[in-house]
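First up is the structure itself, then whatever we jot down about it.
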Amino acid sequence: MRNILSLFTLLFLTVAGWSQQIQIIPQPVSIQVGKGSFRISKKTVIAAKDEADRKTAQLFNAYLKQVYGLELDIDHQEGKNYIRLSTKKFIKAPDKDAYSLTVTADGISIDGDTYAGTFYGIQTLIQLLPVHAGVPLTIPFVTIEDYPQFSYRGMHLDVSRHFFPVPFIKKYIDYLVLHKLNFFHWHLTDDQGWRIEIKKYPRLTEAGGVRNGTIIGRYPGTGNDNLRYGGFYTQEEIKEIVHYATDRHITVVPEIEMPGHASAAIAAYPRLSCFPDEETIIPSHPSEASKNSTGKKVQETWGVFEDVFCAGKDSTFFFLQDVLDEVIALFPSSYVHIGGDESPKANWKRCPNCQARIKQEGLKDEHELQSYFIQRIEKHLNAKGKIAIGWDEILEGGLAPNAWVMSWRGEAGGIEAAKQKHNVIMTPGSHVYFDHSQTRNEDSVVIGGYTPIEKVYSYQPIPKELDSVHSKYIMGAQANLWTEYIKNWSKVEYMIFPRMSALSEVLWSPGSKKNWKDFERRLTQQFKRYDLWRVNYSKAYYDVDISLLPTPNNYGIQLKAASKRKDGSIQIQRKNLKPTRYYKPIILTKSETISVSYNKGNQTITKSKFILNFNKTTGKKAIISTAPNERYPGQPGA
Ligand code: TNX
């Protein structure tokens with residue numbers, strides 16, 4: 001009996017162990033765990049018949065080689081011991097990119113409804129592999145059925161404010177792939193640099209691609225670094241990226257900003273401005289080079305600038321159409337993003353050409369002129385078979401007939417557009433701006449805003465305000481990475497990870513499968529995968545919350561530290577003392593610098609320093625001579 005019992009326990013523990021290993025982000029639609037496991041070895045053959053599946057097989061093989069140092073044979077037929085990729089010729093749900101993945105004693109089968117589906121199956125298989133290299137590649141018996149909830153699952157990258165060369169863009173695409181995202185929104189032009197080669201207008205990159213310097217620190221900054229800063233992608237490089245993305249089932253959406261955020265284009269071709277002879281104003285800390293020269297310049301600071309494309313001159317439209325024609329030829333995607341955000345109307349108000357246009361076209365005001373601008377460009381794109389996407393400002397003055405709206409100033413624009421039966425991509429600043437900090441203890445310069453991973457995870461792309469008829473216009477969502485304060489690649493990674501994991505689950509997994517507690521369990525495993533991929537992810541998840549309160553008898557203050565995580569311990573380090581584990585509030589009676597860290601085993605996960613300065617009133621009883629408003633009594637009470 002005892003033996004049977006322990007056998008039973010062993011079996012139970014093993015099954016529990018196997019299911020423990022299955023920690024996939026984004027959570028699949030259904031997972032059934034069996035008993036036993038299959039081991040990928042040198043003898044395992046990847047079988048794939050179709051050209052597209054063979055491509056996927058090669059990419060998987062490249063992953064195995066890079067991460068585990070293992071390279072497999074790829075064949076048309078499976079024998080015993082296989083990883084078989086096949087994409088069905090009859091398609092169950094073509095818009096769903098569904099796949100199933102089955103692991104048995106003989107091998108692994110991945111069957112996609114579409115080639116993209118099969119490719120997603122491989123991404124899931126990657127997450128079934130060990131999180132450490134150098135161990136057997138054992139995979140539990142499992143059957144997974146899976147498909148995405150939203151058809152648009154995107155990440156954006158601003159390469160204007162700071163430029164990231166081709167190898168990094170490829171890396172970014174790799175990250176999207178590993179998270180089953182399928183749209184890369186490439187923000188190629190802005191006030192601080194034009195980054196895409198346009199053959200007809202070489203000055204766009206020659207002059208518009210370089211700025212004389214950049215402000216130092218957070219806007220308005222403390223000075224200018226006076227370093228010439230530039231970079232752009234040649235058309236060959238653009239093609240290379242698009243090819244790279246297409247192989248990985250990622251659609252690249254190029255963005256060419258108009259009519260605002262146009263300083264770089266105007267610096268290259270001043271006639272695009274309503275006032276070609278007016279000098280560019282650099283509102284804070286211009287570089288020495290810019291101070292010592294006149295004329296139009298590429299911006300050196302951040303924000304919104306009045307010198308926008310002139311809507312009064314037909315030549316502006318001809319120029320933009322030429323640019324878009326070259327862009328269209330480079331990007332096979334059906335979508336072109338044309339910006340439309342933050343375009344001040346001041347220049348148009350005082351421009352005789354713009355005012356004449358308003359009269360001629362019977363427009364009410366400059367907002368309708370903006371709408372005229374976008375509609376005219378949209379018509380050009382539609383005629384070439386392309387769909388225009390714009391930021392939510394394109395609603396103002398009337399939406400272009402077929403445009404998709406990207407809702408960034410909250411969800412209101414998206415709701416309005418969906419009600420008008422326009423397709424919508426949600427990118428609200430409140431939940432998916434990855435340029436906001438994800439920790440309260442950020443020690444690098446960031447733009448502001450606080451968007452921790454919990455907040456991203458809580459996001460629901462379909463707003464409650466929409467009924468079932470209109471909610472189908474919500475195509476999905478996207479996180480944006482504006483790079484004013486992101487100068488290098490490790491910061492890119494630090495800002496996107498681990499929030500991208502939360503985003504992927506928001507967009508891929510069924511609402512019924514979303515569960516923060518369970519996500520946390522899988523996230524801990526995902527951190528190990530990040531380590532395996534050598535990405536620089538933020539440890540904000542382990543932040544220790546500090547609160548300060550007066551002692552009951554007012555002789556000092558008590559410092560309380562708390563962590564939501566239970567898998568480690570809090571350590572406190574005070575001057576001249578050994579670090580000690582935190583158990584209860586610490587009483588302080590004089591100024592001190594304290595380090596607080598979160599530790600797991602003997603590893604420090606996060607550490608922050610607090611400088612506490614005492615003055616005569618610190619911790620003392622305060623007497624308030626005027627009673628506070630009852631709605632704002634303070635903490636705790638008056
Ligand atoms: C607003 S979001 C912008 C960008 C800035 C960003 C900073 C949007 C359409 N425009 O130009 O980089 O805020 O968070």
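The values are calculated or read from the model by the stated rules, or taken from the named source; none is laboratory data. Not measured: the values here are computed from a predicted model. Positions of Cβ are generated from backbone atoms using ideal geometry, with glycine treated the same way; all protein chains shown enter the neighbour counts. Each accessible area value is taken on the protein alone, full model and side chains, heavy atoms only, with ligands, DNA and RNA left out. Shrake-Rupley method; radii C 1.70, N 1.55, O 1.52, S 1.80 Å.
The table that follows gives values for the structure above.
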{"quantity": "Positions within the range 434-463 being closer than 21 Å to Trp391 by Cα and more than 18 Å from the chain's Cα centre (by Cα), in sequence order", "calculated": "Ile462, Pro463"}
{"quantity": "Any hit, the range 289-309, residues being more than 16 Å from the ligand (Cβ to nearest atom), within 19 Å of Phe184 (Cα to Cα) and not in a loop (DSSP other than H, G, I, E, B)", "calculated": "no"}
{"quantity": "All helices (runs of 4 or more DSSP H) inside the range 489-604 with 3 or more residues being of a type in the set (Gly, Ala, Ser)", "calculated": "499-508"}
{"quantity": "Conditions (1) under 22 Å from Ile387 (Cα atoms); (2) within 16 Å of the ligand (Cβ to nearest atom); (3) surrounded by fewer than 21 Cβ atoms within 10 Å (Cβ to Cβ); (4) not charged (D, E, K, R); number of the one not met by Ser333", "calculated": "(2)"}
{"quantity": "Top-ranked residue in the range 269-304 [being loosely packed, with under 14 Cβ neighbours inside 10 Å and within 30 Å of the chain's Cα centre (by Cα); ranked as nearest to Gln355 (Cα to Cα)]", "calculated": "Val304"}
{"quantity": "First in the range 328-352 and among the acidic types (Asp, Glu), second anywhere and open to solvent by 10 Å² or more (accessible area, probe 1.4 Å) and in a helix (DSSP H, G or I), Cβ under 8 Å, 6 or more apart", "calculated": "Asp341/Glu393; Glu342/Glu393"}
{"quantity": "Criterion: open to solvent by 40 Å² or more (accessible area, probe 1.4 Å) and closer than 26 Å to Ile415 by Cα - qualifying residue of Val432, Val469, Val445, Val456", "calculated": "Val469"}
{"quantity": "Enumeration of residues in the range 255-276 that are within 15 Å of the ligand (Cβ to nearest atom) and part of a strand (DSSP E or B)", "calculated": "Glu255, Ile256, Glu257, Met258"}
{"quantity": "Residue pairs meeting the criteria (Cβ under 7 Å; at least 6 apart or on separate chains; first part of a strand (DSSP E or B), in the range 121-137; second buried (at least 17 other Cβ atoms within 10 Å of the Cβ))", "calculated": "Leu137/Ile40; Leu137/Tyr68; Leu137/Leu129; Leu137/Pro130"}
{"quantity": "Hits in the range 215-251 - residues which are part of a strand (DSSP E or B) and either open to solvent by 10 Å² or more (accessible area, probe 1.4 Å) or basic (Lys, Arg) (or both)", "calculated": "Asn224, Tyr229, Gly230, Thr251"}
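Listed here are the residues, each with its yes/no results for (1) closer than 15 Å to Pro259 by Cβ; (2) open to solvent by 40 Å² or more (accessible area, probe 1.4 Å).
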site	(1), (2)
Asp341	yes, no
Arg376	yes, yes
Ile387	no, yes
Ala400	yes, no
Thr427	no, no
